[in-house]
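Report on the structure given below.
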Amino acid sequence: MNLRRKQRRRIGISFIFIIFGWLIFCGTVNGTSVIFPFISDNWVSVGISIPFVKKESVTEIDSHSNRNKGSAGTTAKNKTIDNLICYDHLSDAERNMLYQVVSMECDTGYEGSLAVISCMMNRLESDRYPDDLISVVTEESQFTAYYDKETDTYPYRDRQPSNECIAAVDDALNKGKRNLPSYILYFRSSDYHYLEGYECYGQIGDNIYFYKNEDKLN
């Protein structure tokens, strides 16, 4: 009887080792946990390694998001078309004010109005002027059509812009259309045939446009 029990025990133990050996071979059970149950898997690893896909850390994902945001080349209010700044998110009141100011500066036709708004947009892109279009137009002592300090009035308020003027302003704001080079930042009425320290670009509508050589070189 004792001999038979020993034989059964040996068979049972052999069977258990065969099962565990098969499980370890298939990768279902880590061999370390079987052979060294009290040793960390980080210290000893006898099991089969499984390939894994690297996950980006939170920092890496954030850096990708920042790069994507920066690549858009836009601000909250601005977008670009062919490297020209467009400004198509103005309020109705701001847009109507622009129509009136541009009309006061020149409303002889589409090209004359487009030249005025082009000059304003050029200032928006220049480092010499504010980064907000309305601030460019309302800057002190710049556009007398907005505010005339000599009479202490806002001449544009009673102005009725023509359809051509409105179309020119909309094309400049929404489509990035310009009829002046980016270095043209100044204009005077056609009564000014010469402006000291400036180069004359030419006349469009009833305004003469000027520039500084350093602006053209930049």
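A short reminder: the numbers here are calculations on the coordinates, not readings from a lab. Computed from a predicted model, the values in this text were never measured in an experiment. Cβ: placed from backbone, ideal geometry, glycine included. Neighbour counts: every protein chain shown.
Applying 0.36 nm per residue to the separation of Lys149 and Arg188 and subtracting their alpha-carbon distance, the gain on full extension is 12.4 nm.
Here Arg128 and Cys200 are evaluated by their C-beta separation; at R0 = 22 Å the FRET efficiency comes out at 0.65. With R₀ set to 30 Å, the beta-carbon distance separating Gln142 from Asn163 gives a calculated FRET efficiency near 0.70. Taking other residues whose beta carbon is less than 12 angstrom from the beta carbon of Gln100, and scoring Lys, Arg as +1 and Asp, Glu as -1, yields -1.
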